[in-house]
Amino acid sequence: MYCGLKNVYKAYGSNTVMENFSCEIKKNKITVFFGNSGCGKTTLTRLLLSLEKPDSGEVIMPNVKKSVLFQEDRLLEWLTVSENLSCVLG
């Protein structure tokens, strides 16, 4: 396995989002998550990016460059396009 989740449990209060969830993401492949609203896509992405930690289970994610395209815009409205790019490219 290149990266993924093994037997992950994640809840927010009494709302269980993932229970015994496992998935594998293969190297050099495009991976797309899709499903109904509230099924855990954002939580899965946040776990893979180490923005959140699972309550139990294992997240396997090598220390490599990652990129994500969220559905909402993430631009800083008071900056130009070039300035927005500079924020993320360093």
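Every read-out reported here was derived from the displayed coordinates using simple, explicitly stated rules and does not represent laboratory data. Everything quoted here is computed from the prediction, not taken from an experiment. When we count neighbours, we look across all protein chains shown, and the Cβ atoms used for this are built from the backbone with ideal geometry, even at glycine.
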**Asked** Taking the alpha carbon gyration tensor of the range 46-90, what are the square roots of 5 times its eigenvalues, largest first, to the nearest whole Å?
**Response** 28, 13, 8
**Message:** Show me the ranking of peptides 40-49, 8-17 by mean Cβ neighbours inside 10 Å, starting with the highest.
**Reply:** 40-49, 8-17
**Request:** Please report the Cα spread of the range 19-71 along all three principal axes, rounded to whole Å, starting with the longest.
**Result:** 27, 26, 18
**Fill in**
Computed from the beta carbon distance with a Förster radius of 30 Å, FRET efficiency for V88 and C23 to the nearest 0.05 stands at 0.70
**Prompt:** Here are some values of volume of the Cα convex hull per residue in Å³: (i) 133; (ii) 98; (iii) 77. Which one was computed from this structure?
**Reply:** (i)
**Item:** 10 Å Cβ shell holding at most 15 others, DSSP loop, GluC sites (Glu not before Pro): longest site-free stretch of the chain
**Value:** 1-71
**Request:** Run the numbers on the chain and let me know its relative contact order in percent, using alpha-carbon pairs under 8 Å that are six or more apart.
**Result:** 31
